[in-house]
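The values are calculated or read from the model by the stated rules, or taken from the named source; none is laboratory data. All values derive from a computational prediction rather than experimental measurement. Reconstructed Cβ throughout: ideal geometry from the backbone, glycine too, with neighbour counts over all protein chains shown. Just the protein is used for accessible areas: all its heavy atoms, side chains included, with ligands, DNA and RNA removed. Shrake-Rupley method; radii C 1.70, N 1.55, O 1.52, S 1.80 Å.
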Amino acid sequence: MSRSLRRLLVVIALLELANVSVGIEGNYSTASRLITSSIDKAATATRNVSSMDEFYSNPKNSNPHFKATLNAHGHMLDVLDEYGEAFVAFARNTTKPVADLGVAFGFTTKEILKTGATVYANDLSEDMLKELNNSLTEEERLRCILKPGSALELNFEPGSLSGVLALRWFHFLTGPQIREVIHKFFTWLEPGGKVVITCSTPYSGRARSFIPEYEERKAAGEEWPGFTTKQIQEVGGVGSREHFHKLEPFIFERELKAAGFEVEKCGFIARSFYPEGWQFDGREHCGVVVHTCACEDLNNSTPSTSLGGDQTKRNPQFKATLNAHGHMLDVLDEYGEAFVAFARNTTNPVADLGVAFGFTTKEILKTGATVYANDLSEDMLKELNNSLTEEERLRCILKPGNALELEFEPGSLSGVLALRWFHFLTGPQIREVVHKFFTWLEPGGKVVITSGTPYSGRAKSFIPEYEARKAAGEEWPGSVRNVGSQGQLNMLEPWVLERELRATGFEVEMCGFIKRTFGPTGWRLDGREHCGVWYYQRGGERGPMPAYIVTPGCLEPLYLNQLAAAWNILLITTSSSDMIIKDKSKSPTWINTNVYPSLFYGTIFYRLCLIHNWTSVFVVLDDDAIPNYQIVFRAVDAIMKPLVRTVNVRYSSKKAPLNMSDLLDNFSRHSRVMVFLASASQFRLLLRTSGIFSLQLLAAAKGQTKGEYVFIVAVPFPYKAQGIFTWKADDRNDEVIRAAYRSVLFVTMVDATLHVSETQMALLKSQWDHGFKTTPFYGNLDLHDEPAVPQLASVNGAIEMLAQVLNESLLDEGFDPRNGRDFARHFYNRTFETSSGRIVLDRFGDRAPSVSVSYFNDTRGDFQVFLQSNIVDGVFFWSALTAVSWFNGSELPPNEPSCGYAGDKPECLASRPGVAVKDLSTALGVVIAVLLFGSVYLGYLIRSRANNAKSGLDGNWWSLSAQLLEASTKRSFFSYLAMSNMEIHSMALGNVQLNSAVF
């Protein structure tokens, strides 16, 4: 460390110490620790900066577009990608300022300033902003407002910006920080304002080692799979940040849509000009362009302000509310009239929510009913109360406050009325309050709701966008942010209300549009200005019996899920599943007993490679095999190919037989691990060829090592129709096949032995087989195949599970078995013991699969399980049951032999007892050449010595001068670090031991 640097560190330490010296009071050990800590902090910061300087000065990493930042947080680019270009083009036509956040030295800021726009330039480093300011012209400085500090702590007035640009720094944020800052962006923007964000992804050369973990977390449905506290070498190996957050386009799209933005463009960005070690496959970065809804008509028509005095006089039915949230109507439409008529015959109270001055409340009170009157405004409720008679006040209970926060006893109300305020709610709020309505109502109770639609004169400019969002299948196409004093609107159509109420368990009586003929002319459109629904709760004399869906086969699970969710009916699938089951907003009633590990096919084999340090795999697929193998092949290819060196071979056994000898020869030159996805007969043919091939090698004394090849077979489950994998066929090849089976691992996708006893399964199998062949439905068929036992076991288990939960419900008076959502929750995180085995369901109601890996026990002549699946929070792992026995050893072979695929590594050639004639000839030729060259060079040296002696020169002609030596082999710290990283990466898979509990 230089003397000047030491002085700087001591000064920093003393300054920090001075800040706490009052509290130290002579405690020298504390002071010493403080000084040491301060020196360490300053040294770390200095190392980061100096490391970055060294990194960027390295020719390998030099790039004309890179400029290292002053705060060691990365680099600035002086080139625009398509997302940056889009924002600059947008800025040309803005009328309000735009914000450029995290600008570094301000390359993008200067590009935006060239368009004539006004820019707020923000960065953590005040020094870099000063450098930006010094590079601007006087006129540009007038339009560039510097904002030093964290972008997360900035604040702008709502609606004050036309756009926000945030390039290459979102990967420094946590998930909650991303949501917080996106919400701020939305608030700051004017209607139609735009946001452009770019960010690094996991798919870069620098984060290569993190990709497997990311893919697993993503497959497990983690919300933020790219967040890690591991040291990813972000800037030439510096890795000084506490965390990184690698993001993909789908995460940006999810978060920005949730905040209310409309997506224009979202995708990956290839960084072709980055250093070679930083590149990967064109997905190094990602970007998104979004905008807010430009709903000028809605913003300019807040009901309380757009209705001037003359408008109110022309519309005597309107009365502006006191809290500027709209207006009250003193006229009943057909839905309001229907509710008042219904209230005449109620026995329990009804709730009138959002009553304003209480016109509808007073109409209901006239029927003799008791009413809970609710509104946000306590003053308006007081005005209502003052207008009532003494007798009416006894039947009118005032409930001031937000209707979303009200609570009533379950089953205590006969009806709920909610007129003209549902369009102020978000989608989740609608679901929450509709669920409350259902809970509050007695069996046969009724709900009436009316709401604003997009089809009004005030929302005319929004209709095209609404129609496009509706056509695209958006869940809440009428949701709009930044609208007047409300902040947001959610304009609804009848089908949206019907979907939500049916999903909760209501039955529809009337649902449609409402024509507002008495509103202001500018508010009308085509008779669809409002909509209404008239629903009753299931129960009472009209309530249906409970209904459930249990699927016995591979039906369409996604369509059934939509149907069951819409009808609020419990759905149990038994032979098919999908990742969407883990999204309970879309799959609220779905339970799955499917035993196939279809969500983990790729991970099953990748994890197997990982724990055995196999970095190359040879995959063979017969396209004419059962369809399950093709699904496995696609999953394996998708998961493993980016992570493991993979060779794929596909063939058609029906069209042309595969030359197994050529296949084995090709295999031996690329790997020692083969995944074979084909029928039992094809596998027997392969092993017969392999066995004979091995015997020939041994007979020829080629030195072939026993057990260095691994053949992995994927077995869906033991089933005669698919072929039984066994060495015993009672032919002359049995002994050869049995010997070859010692090199085989079976991956059984559905291993029933892990959750049901063999005796129990044999009994069930016999019963099912008898029923399968004797049922009248199959009486005219010649059935020789046994039934598919795993599917039958799944169906049988599903029925028994359903019966168990129904029996439990009889003991709970508050439990309604007709409510599919509530019913489904009784299955979550449970283990059911059934006659067809144990069924374990996770917190989503999805069954944990039972997958096993087994090796051939040569003593017993059958296969023995040594690994079984273990699903932890949706992530697949292998758990060891016992050690593997492999050719009298306890470890499986490496994917590359110690002597190389061709057996030609020098150390192996030298140790062989005999050498081929060709090899001897080559060696002899090399020796002769070396001797000949040595003789010529020795003669030259002798002659040179004689000449030097004649000239009187120093006789030490063979000695070299030290001055002639130069340090030409110096290497920078980062060249060694890069080499070390490469070694660490190549050895990363070797850290896992087979005797660990979980892999």
Being surrounded by fewer than 21 Cβ atoms within 10 Å (Cβ to Cβ) and within 25 Å of PRO454 (Cβ to Cβ) narrows it down to one of VAL434, VAL340, VAL331, so name that one. VAL331
Mind listing whichever residues of region 859-899 are in contact with a Phe, Trp or Tyr (Cβ under 8 Å, 6 or more places away or on another chain) and charged (D, E, K, R)? ASP862
Is one or more of the residues making up region 374-384 within 30 Å of PHE815 (Cα to Cα) and at pLDDT 85 or above? yes
Scanning region 845-866 for residues that are part of a strand (DSSP E or B) and aliphatic (A, V, I, L, M) gives VAL853, VAL865
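Condition check ((1) assigned to a loop (DSSP other than H, G, I, E, B); (2) surrounded by 17 or more Cβ atoms within 10 Å (Cβ to Cβ); (3) not assigned by the TED database to the domain that holds LEU867) across all residues:
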residue: LEU571; (1), (2), (3): no, yes, yes
residue: SER577; (1), (2), (3): yes, yes, yes
residue: SER585; (1), (2), (3): yes, no, yes
residue: THR603; (1), (2), (3): no, yes, no
residue: PHE618; (1), (2), (3): no, yes, no
residue: ALA635; (1), (2), (3): no, yes, no
residue: VAL649; (1), (2), (3): no, no, no
residue: SER661; (1), (2), (3): no, no, no
Failed item, numbered, when SER301 is tested on (1) open to solvent by 40 Å² or more (accessible area, probe 1.4 Å); (2) modelled with pLDDT under 55; (3) assigned to a loop (DSSP other than H, G, I, E, B): (1)
Give region 356-397 a look and list any residue that's assigned to a helix (DSSP H, G or I), surrounded by fewer than 17 Cβ atoms within 10 Å (Cβ to Cβ) and aliphatic (A, V, I, L, M), or say none. LEU394
Of the conditions (1) under 26 Å from PHE717 (Cα atoms); (2) surrounded by fewer than 19 Cβ atoms within 10 Å (Cβ to Cβ); (3) within 26 Å of the chain's Cα centre (by Cα), the single one that VAL851 does not satisfy is (2)
Name every residue in region 398-419 that is open to solvent by 40 Å² or more (accessible area, probe 1.4 Å) and either within 22 Å of GLY260 (Cα to Cα) or more than 40 Å from the chain's Cα centre (by Cα) (or both), in order of residue number. LEU398, LYS399, PRO400
Quick check on LYS60: is it at pLDDT 90 or above and open to solvent by 40 Å² or more (accessible area, probe 1.4 Å)? no
Candidates GLY336, GLY415 - the one that is touching a residue at least 40 places away in the same chain (Cβ under 8 Å), closer than 29 Å to TRP476 by Cα, small (Gly, Ala, Ser) and assigned to a helix (DSSP H, G or I): GLY336
Subset of region 196-215 [among the β-branched types (Val, Ile, Thr) and either assigned to a strand (DSSP E or B) or touching a strand residue (DSSP E or B) at 6+ places or on another chain (Cβ under 9 Å) (or both)]: VAL196, ILE197, THR198, THR201
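Every residue, every condition in (1) crowded, with 19+ Cβ neighbours inside 10 Å; (2) at pLDDT below 90; (3) not acidic (Asp, Glu), yes or no:
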| site | (1), (2), (3) |
| --- | --- |
| CYS199 | yes, no, yes |
| GLY205 | no, yes, yes |
| SER209 | no, yes, yes |
| GLU216 | yes, yes, no |
| THR229 | no, yes, yes |
| GLY236 | yes, yes, yes |
| ARG241 | no, yes, yes |
Can you find a residue that is among the small types (Gly, Ala, Ser) and out of contact with any strand residue (DSSP E or B) (no Cβ under 9 Å at 6 or more places or on another chain) anywhere in region 861-875? yes
Go through (1) in contact with a Ser or Thr (Cβ under 6 Å, 6 or more places away or on another chain); (2) open to solvent by less than 50 Å² (accessible area, probe 1.4 Å); (3) over 24 Å from ASP127 (Cα atoms) and name the single condition HIS171 misses. (3)
Failed condition for PHE887, given (1) closer than 24 Å to VAL736 by Cα; (2) in contact with a strand residue (DSSP E or B) (Cβ under 6 Å, 6 or more places away or on another chain), with all others met? (2)
Could you tell me whether any residue of region 109-130 is without any contact (Cβ under 8 Å) to a residue 12 or more places away in the chain, open to solvent by 30 Å² or more (accessible area, probe 1.4 Å) and hydrophobic (A, V, I, L, M, F, W, C)? no
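Residue by residue, here is whether (1) open to solvent by 30 Å² or more (accessible area, probe 1.4 Å); (2) at pLDDT 90 or above; (3) assigned to a helix (DSSP H, G or I); (4) touching a Ser or Thr at 6+ places or on another chain (Cβ under 9 Å) holds:
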site	(1), (2), (3), (4)
ALA762	yes, no, yes, no
GLN767	yes, no, yes, no
PHE772	yes, no, yes, no
LEU802	no, yes, yes, no
ASN807	yes, no, yes, no
PHE823	no, no, yes, yes
ARG843	yes, no, no, no
